[in-house]
Structures are given as structure tokens and as C-alpha cells.
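Okay, so here's the structure we're looking at.
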Amino acid sequence: MKPINVDHIQGSVEHLNVDVAHRNMDIFSEEITKDVWREKYRSGEEDHPYGSFERVCNGVYKNDEIRHKHAAFEAMKMGLWMPAGRIQAGAGTRKHVTLMNCFVNGKLDDSMEGISTGLKTNMMSLRMGGGIGTDFTPLRPKYAKLGRLGEGAYSSGPVSFMEIWDAAGKTIMSAGSRRGAMMGTLADHHPSLPEFLKAKTKPGVLTQFNVSILISDAFIDAVRHGEDWDLYFSVIPTDKDPIGEFEDDHKVTQYIYERWDARELWDLIVKTTYEYSEPGVIFIDRINDLNNLGYCEEIRCTNPCGEQPLPPHACCLLGAINLARLVRNPFGSEVNTAKVVKSEYVHVSEPKFDFDTLKAVVHIAVRFLDNVIDVTKYPLPEQKAEELAKRRIGLGISGLADAMAQLGLKYGSEDSIAFTRRVMRTIAVEAYIASALLAKERGSFPLYDAEKFTSSPFAQKLPSEARVAIAKYGIRNGVLLNIAPTGTTSLYYGDISSGLEPVFRHKGSRKVLQLDGSRKEYATKNYGLRLFEEVMGQEATKLPDYMVSVNDLAVNDHVRIQAAAQEWIDASVSKTINCPEDMTFEEFKEVYTLAYDLGCKGCTTYRPSDTRGSVLGDAVVHPAGEVKPGIPRRPVALAGCTYKIEWPTLPSALYLTVNRYKEGGGYPF
């Protein structure tokens, strides 16, 4: 592999290259892709996604040189660079929206004034299009004393205030197109932890929230050694005497509300997730210990999907490199023919991953994201000040599983893990070099402390070429890397595999959320399958063994890929560990142990259940002439009756309305 002059890359497209097999694929031809563009990213009279890309680049590079804008535009046209949806929809428009994806609330003050301030921050961030996380740990637990209201007054606890947040999220239309997404976290020692665990087990409760527990290293040690675990807070309870009290490291008296066997509490946490797929867990000490900016911040929360841990008032923007377009000779064929031997496909020539183009896209992406920091609107001045002080960006990937298949690698295999590690290491090294070169041109982020930053664990493991560049020029961005889900943008770019997730279905049906809250179903072939058929010159009747989907994988395959990626990510990774419904609880619990032991910063699992439903399904073909069953569209007006029902145990009557449709079909309400 030839060395690349990185100073030259930043303003040139000469190192961008896409194999002819990919160029022959129109990534915007599928119905689902067209609809995603029209409904989410098109602005005004734009007649093609290329017009949208031009508008985005004009907005992002309005204070930069034309050559850099041209490089970004070409990378987007080639399907190599995928700015996040907020940027795609808002950049270069007059919309009053933010281009930032992720926010975390300010630290909540344990008072009505503080709670009101936090709720306002939450609402203002949602209104302008950002998802937001809030740590509810500072709020006193249920039954804790309320001093201002006199003897016997007590708090209703964090979960009750989360319900207010949830109602606001349901009410506010985020940037005019969807309801706001939120993350709620609680520390593993908070007395309201048992209530927090159960909150989302009830239908319709906290539906706008993802919830996660901040798991400390001390708690993991207590579980492993079979020790007790105290739930405590700094305000005395009113419903019982505290078990004990102690003075913490900050000389604050803490009152012990409950004492649990740590293993029993851990079992309760994992059992709730086993049955309801929430809460997730965040290994919070690991996040803070490995944070580049640990010398100037403490993190207690993440954005709604978990890939971006953030301190109070912080935000981050996202973008992904499309790995699915970076394989040369995909599936090992340079021609549109296939040799068939004993019903098996054989390679005509070896596929190869294009690391040179990958490096070029990284440099384009880092400059692009750094520009966005200065052109975006911010919901609140505190968020702008925080971002300008540290200049966080979130460069990630998508299409990893598709790239693996094109290389003949089975997702989760040892070779695929090694490939993941090499790709992520390449991106990390080039991103840090690119940011150092930007610092040479524009200056380091204001809170950069050379000695402390370069002593951080992540900076220490960078190879010499990156460390030398940082030592010489400083660095423009305090944190640079994460891996986000990229669900909608992955559809937009031809239905590639999302983030570092495996392929869910090569062919099937997919339900996509619409502006009115409904879901539209599409029959789909994903990018990998369409490319495979294009290269082989025929419709696939059998896929090679390496073209796997999620149902073909062992649970540990997911965890090991996540861990391999995390090694070279300075922030965090959003990954769903898909678990089979018949997995035993003990097997399920081992997933979390493995994730912790392999160095992951969090763990989110999904096990099918009646409470979760599904987004993806297998394709169903209906014979010609057969009418597909479905619910007819409800008319604007229906005739019916309302019935008053008296019930002995209820203080008031129930009223039930049943409307009639055509020949007696019923429509309640």
C-alpha cells in the first residue's frame, strides 16, 4: 500500500475510487430509498439526491475553500461519505434546526427550580431536532424528605419526573418531523433503582425513553465476589429508618436506604432486560477512565442510542463512512458472469478492501464535521459554549457487514474480527492525523492540554505517525470517533447494513416510520444481495455460506465484533446484541460478562418478546389474484353508539363507543 500525502488529501478527490461493480449500482433506485429521500432529506424543488448533496455541501463549506467542498460532494455522490440525517436534512436550508444529533442535559439540581431548568433544556433540544440524554441520579429517591414543605413531606422520586419528560417528548415534534428521542440514566447505587428497573415493564410508560443503568467497576466486583451492595442517597428517608450512614469522598453524609446481595440485584437487572430488552447497561467507570477529556469533564450520561457518552450540556454530530462501497472486485469477480460448479459460486479473482480510498474519505469527513460545528445552530448557549470549547465530532462507519460479505468473510469469524480491527485502527489513525493537520491550519480546541491529552490511554496507543503529528501541531477535536446505528441513512444510501450490525435480511419486508406516525411496509432486497446478483449476472437462488444474516449468528459473534470495533473508538459504540427467544437466562447473563471482559463500554441486548414487536420480517409472496389481507382505511365519519357501563368497584361509569363500518364491521372509538 503506497503512503499517502495527507496534506494533499484534504483538498483533492484524486484518491477517491469506487469499483466498477459499485458504480453500476444505482443506490437511489429502490422505492424505499426514494421515499426516505423525499420524506426526510429533500428540500424545496430538489429533483435528485445529488441536488440535496450539493445543498448540504454549500451549507457546510460556506466558510471554506471550494476544493474542499468539491471533495466532499464527490465523496457523497460516490456513496462513500454519509453525513448524519440531521445534516442531510438541515444543512444549507433556512430551517431553524440544529445539525447536531446528540445532546446531554445539564446536571440536574435536586430542586423544583433545577428540575424545571432541566426540563426546559430537554424541550428546547428536542424542538430543534436533537436527541437528548438526562442523568436522573441527582434527584432524591421516592420517600426522601422534602425540607421546604414541612414535617412528613416526601419526594415522588426520579421516575415520576421522567414521566413529565416523557410527556414533553410525546408532545414536542422534533424539528417538525418526529417525536423526540431521549435517554434516561440512573446510577447503580440510587435507592430508586428497583423502581427504575420496572418502569418500562408497564405498557405505554416512558415510551420516548431508552433507559440505561450506570454500572460501576465496584458493582461488578461486588457481583463477582458475592458481596453486599448498598443503595444510598444524601437525603434521609421518611418511610423508614436508614440502615446506616457514611461520609463519602466529598465529605457528604449518605444514608443507606437498602442493602442488597449484589448478585441478586444484578440478576434483577439482567432478568428485566431478558424479558423486556431494557434497561441497557453503561460501564461508566470505563468510559471516564478512557476519556481523552477526562482532565476537564466527568461523564454521567449518553445520547439516546448510547454511542456518544457526553458531559453536562455537551453535544456531538455524526457521520459515517460507507464501507460497503470500498471493496474492489466484490465477491471475487471482475465480470458479470458466474462460474457454477456443483451449485457453488467460485471466485474469478480475489476481492480486496480499498484502504487508500478509506484514508482519503477519513480526511474529508473530519474536515466536514469540524466545519459543521461552526455553521450549525444550537438550542442553548450553554451547548454552543461546551461544543466550541472541545469540538467533539463523531466519525463512524456503516456497511461493515456488507463489506465483509463482499470479501468472503463471515460476520463473527476470526477473519472478520481481524478485518474489523484493521479497518477501525486505520480510521482512528487517519482521523487523529487529519485533526492534527486541521489544528495546524485552524488551531487546537480551546481546552486542549498537550500533556494531559497525549497522556490519555487512547492517545498513548496511537502509532508514532499520529502522535508525532499531534505533538507538532496539537489537535483540533477533543473526541473524534463513535459508531452510531445509521438506520435511516443506511436506507438512503441503498439499503446497506447499518453501522456495524449484521445484515438483518437480504430479502424481506421492512417497516419504515412515516411522518404521521404510521409505518409503511416495503418489499426489499438489500444492497449486498443486489450487488451480488449484479456481479454474478443472475438472480441468486443460493447464497454463499459467508453471506449470513442475523439469524445465522451466535450471540457471541455480536459481542466480539463490538469489542473489536471498540478497541479503536475513543467514544463508544451503538450495537444491539441479538439473542434468540429460547436462550436461557443463564446464557443471557453471560453476554454481559463477556461484553465487560472484552472491554466494551456498554451492552444493549434484544430478545424477541410479545412486548417488543418487530420492525423486520421475511418477504411473503401472494399468488396472483389473491387479495392480501389488511385493515381498510377508516372513513372520516362513522355512525355508532356510545354505551354507559356501571362497574361496582369503580367510582364512576365507563363509556364505550362502537362505530359501524359497512355491513356491521366494528371500529371501537
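Where a number appears in this text, it was derived from the coordinates with a stated rule and is not lab data. Nothing here was measured: the structure is a model prediction, and the numbers come from that model. All Cβ positions, glycine included, derive from the backbone under ideal geometry; neighbour counts span all protein chains shown.
A simple spin-label model places the labels of Glu587 and Tyr606 1.9 nm from each other, with each point 7 Å out along Cα-to-Cβ.
Under the simplified labelling scheme, the Cys296-Arg224 pair shows an inter-label distance of 3.4 nm, with each label point 7 Å from Cα along Cα→Cβ. From least to most packed, judged by other beta carbons within 10 angstrom and beginning with the fewest, His225, His70, His22, His15 follow the order His225, His70, His15, His22. A simple spin-label model places pseudo-atoms 7 Å from Cα toward Cβ; at Lys511 and Asp239 they are separated by 3.7 nm.
The calculated FRET efficiency for the pair Tyr50 and Asp289, based on their C-beta separation and a Förster distance of 51 Å, comes to about 0.70. Mean residue ellipticity, 222 nm, helices only, the chain: the sum of -39500 (n - 2.57) across DSSP H runs of n ≥ 4, divided by residue count and rounded to 500, is -10500 deg cm²/dmol.
Cβ-Cβ distance of Ala167 and Lys352, R₀ of 51 Å, FRET efficiency by 1/(1 + (r/R0)^6): the value works out to about 0.45. Residue separation of Ser413 and Asn556 scaled by 0.36 nm, minus their Cα-Cα distance, works out to 50.4 nm of gained length.
Amide H to amide H, with H built 1.01 Å from N, Leu481 comes under 5 Å of Leu395, Asp570, Ala571, counting only residues 5 or more places away or on other chains. Mind checking which lysines have their C-alpha under 25 Å from Lys170, skipping anything on the same chain fewer than 8 residues away? By straight Cα distance, Lys170 reaches Lys40, Lys95, Lys107, Lys120, Lys142, Lys198, Lys200, Lys202, Lys377, Lys511, Lys520. By definition, a body whose alpha carbon gyration tensor gives a ≥ b ≥ c is oblate when a/c is 1.5 or more and a/b is not larger than b/c, and the chain fits this oblate description. For the stretch 464-475, 3J(HN,Hα) computed residue by residue from phi via the Karplus equation (6.51, -1.76, 1.60; θ = phi - 60°) reads 4, 4, 6, 5, 5, 4, 5, 4, 7, 10, x, 8 Hz, glycine and proline entered as x.
Taking other C-beta atoms within 10 angstrom as a stand-in for reagent exposure, Trp266, Trp260, Trp81 fall in the order Trp260, Trp266, Trp81, fewest first. The lysines whose alpha-carbon is closer than 19 Å to the alpha-carbon of Lys542, local same-chain residues fewer than 8 away aside, are Lys339, Lys342, Lys410, Lys507, Lys525. Residues in the stretch 87-103 carry Karplus couplings, in order, of 6, 4, 7, x, 5, x, 10, 9, 5, 8, 10, 9, 8, 7, 8, 10, 9 Hz; the curve used is 6.51 cos²θ - 1.76 cosθ + 1.60 with θ = phi - 60°, and Gly or Pro positions show x.
Fewest neighbouring Cβ atoms within 10 Å first, the residues Ser456, Ser549 line up as Ser456, Ser549.
Applying the Karplus relation 6.51 cos²θ - 1.76 cosθ + 1.60 with θ = phi - 60° to the stretch 587-604 yields 3J(HN,Hα) values of 5, 4, 5, 5, 4, 5, 4, 5, 4, 5, 5, 8, x, 5, 9, x, 8, 10 Hz, where x marks Gly and Pro. Given axes a ≥ b ≥ c from the Cα gyration tensor, I'd like to know whether the stretch 125-277 is rounded (a/c under 1.5), prolate (a/b larger than b/c) or oblate. Taking the square roots of the gyration eigenvalues as a ≥ b ≥ c, the stretch 125-277 is oblate.
Distances between placed amide hydrogens fall under 5 Å for Tyr606 paired with Ile577, Asn578, Cys579, all partners being 5 or more residues away or on another chain.
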